[in-house]
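As structure tokens, the structure follows; a few thoughts come after it.
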Amino acid sequence: QGKLDAAKEWLQRAKASGNSPDLASYNTIINFFAEKGDENAAKEWLHQISSFGLKPDSVSYNSLIKAAVVAGHMDHTKDYLEEMKSHKLHPSALTYGTLVSAYADSGDVQNAQMWYDKALAGRGKSNTVLLAVLLKAYVKVGDLAGAENCIKKAAEAGVAPNHVVFTTMINAYAESGDVDSALEWFRKAKEEPNIRLNIWSYNAMIKACAKAGDVQRAKTWFKMAQDDCRPDVVTFTSMISACSKAGRVGEARRWLERLENAGLQPNVVSYTVAISAGAQSKTNKSPGLREYQIFQRMLERGIWPTVVTYNYLLQSMRRSQPKMERQAEDVFRHMMQCGIKSNELTQLHLARVVGLKKARSL
């Protein structure tokens, strides 16, 4: 904000002294407001350009269009595009990218595709960046066949998919639980000499195996990730999740320990998934106790639980022998002290551990 105020003051001084700021100065300020979604301020500064005898360019209008997008006023973008035409300006690649991305993020496939097609008509060719942006729209609505068709058409036009396109498709199929299709796209990427997949693609494959509860296949992908790139927190957490889904509580805990000892900082999801493994297992030995120890390690590392973490922890204590009443009370009080609001599951699990009367008094 201080830099913006200084810029305003400089422009005012320049105007008062008869010196004319250049167009780039105005565009910088317009873009500042665009990033914040302050459409009115961006519009006001764009219209000030003419007071210095300057004319706005496509960069100026692209920032104004971006301001409307960030503000959620997609209907205003048409007016600004018409205003561009009145100044004999044409949308740039950045303008098209802004519009395609905005509609893609909202899952509006029809409009995302329309602006993608207009970009092709106006510029005569596509590019992999714009293609990757368009794919977001199809992926968001789960139309993976439509996404594949876009890639096919782009390839016919001479646009080869890049690593972002491959990663998008691998992730999309993995998230849908279609491990075989995700694997097919992974293999295609590996066959391309100029494509190098990053850890995200490996994580997607491991997460897909985790959803299916296929621990052995997840382990294979983890080993491949180790050989090709460095596993991250998500990689380890996905392995914890795979073991949890398969009911392999001990392995889930060991993967958490591996993460803690790998020089990486586990996150709240890592610990919550590990706690959930024991909470949901009916064969867990010493239920509640090991989960409580994981919870304490979590706090020692300065990682704050969510209501989901507390719920799984209390759930794990329901079958503990002897009853972990004192620990359950401490956990619930800690939750209240942290300002985390309990829900029906919290109350249910707490009552099962300490009794309904005690739970109500807490």
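The values are calculated or read from the model by the stated rules, or taken from the named source; none is laboratory data. Quick caveat: nothing in here was measured; it's all calculated off a predicted structure. All Cβ positions, glycine included, derive from the backbone under ideal geometry; neighbour counts span all protein chains shown. Heads up: the accessible areas ignore ligands, DNA and RNA and are worked out on the full protein's heavy atoms, side chains in. Shrake-Rupley method; radii C 1.70, N 1.55, O 1.52, S 1.80 Å.
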Practice prompt. Once you have a ≥ b ≥ c as the square roots of the Cα gyration tensor eigenvalues for region 212-263, tell me rounded if a/c is under 1.5, and otherwise prolate or oblate according to whether a/b is larger than b/c.
Written response: oblate
Discussion item. Around V164, under 15 Å between beta carbons, what's the net of Lys plus Arg minus Asp minus Glu among the other residues?
Written reply: +2
Worksheet item: What whole number of Å gives the distance from the Cα centroid of region 75-120 to the Cα centroid of region 151-211?
Response: 27
Worksheet item: Most mobile of A132, A41, A112 per a Gaussian network model of the chain (Cα springs, under 10 Å)?
Response: A41
Practice prompt. Add +1 for every Lys or Arg and -1 for every Asp or Glu among the other residues with Cβ under 15 Å from the Cβ of I65, and state the total.
Written response: -3
Worksheet item: To the nearest 10 degrees, how steep is helix 268-280 against the longest Cα principal axis of the chain, on a 0 to 90 scale?
Response: 40
Worksheet entry | Sum of side-chain charges, M335 neighbourhood, beta-carbon under 12 Å (Lys, Arg +1; Asp, Glu -1) | 0
Worksheet item: Placing +1 at every Lys and Arg Cβ and -1 at every Asp and Glu Cβ, with all other atoms neutral, what dipole size does the chain have around its Cα centre, in debye to the nearest 20?
Response: 1500
Worksheet entry | Heavy-atom SASA rank of H90, H163, H334 (probe 1.4 Å, accessible area, largest first) | H90, H163, H334
Discussion item. With every protein chain left in place and a probe of 1.4 Å, what is the accessible surface of H47, to the nearest 10 Å²?
Written reply: 90
Worksheet item: Relative to the longest principal Cα axis of the chain, at what angle does helix 76-86 sit, 0 to 90 degrees, rounded to 10?
Response: 20
Worksheet entry | Ranked order, R333, R360, R230 - accessible area, probe 1.4 Å, largest first | R360, R230, R333
Worksheet, complete the sentence: Ignoring ligands and nucleic acids, D79 exposes an accessible area, probe 1.4 Å, in Å² to the nearest 10, of 100
Worksheet, complete the sentence: Across 5 Å bins beginning at 0, the whole-percent shares of Cα-Cα pair distances in region 156-213 come to 4, 22, 32, 21, 12, 6, 2, 1, 0
Worksheet, complete the sentence: Among K55/K78; K219/K282; K66/K152; K88/K153, the pairs whose Cα-Cα distance exceeds 22 Å are K219/K282; K66/K152; K88/K153
Discussion item. Going Cα to Cα from K211, which aspartates and glutamates come in below 14 Å? Please leave out same-chain ones fewer than 8 positions away.
Written reply: E175, D178, D180
Practice prompt. At 1.4 Å probe size, with no ligands or nucleic acids counted, give the accessible surface of L289 in Å², nearest ten.
Written response: 80
Worksheet entry | Accessible surface ranking that places the most exposed of V268, V308, V331 first, with a 1.4 angstrom probe | V308, V268, V331
Item to complete: Treating the angle as unsigned and between 0 and 90°, give the value, to the nearest 10°, between the Cα long axis of helix 233-245 and the longest Cα principal axis of the chain.
Response: 40
Worksheet item: Could you give the Stokes-Einstein D for the chain in µm² per second, using the C-alpha Kirkwood radius, 20 °C, 1.002 mPa s?
Response: 88
Worksheet item: Is the shape of region 80-190 rounded, prolate or oblate, going by the alpha carbon gyration tensor and its root eigenvalues a ≥ b ≥ c, with a/c under 1.5 for rounded and a/b larger than b/c for prolate?
Response: prolate
Worksheet item: Between region 216-240 and region 311-329, how many Å separate their Cα centres?
Response: 32
Worksheet item: Using a cut-off of 18 Å between alpha-carbon atoms, which aspartates and glutamates can reach K43, once sequence neighbours fewer than 8 places away in the same chain are excluded?
Response: D5, D22, E35, D57, D75, D79, E82, E83
Practice prompt. Run down the lysines and flag those whose C-alpha is under 19 Å from the C-alpha of K285, throwing out any fewer than 8 positions away in its chain.
Written response: K245, K323
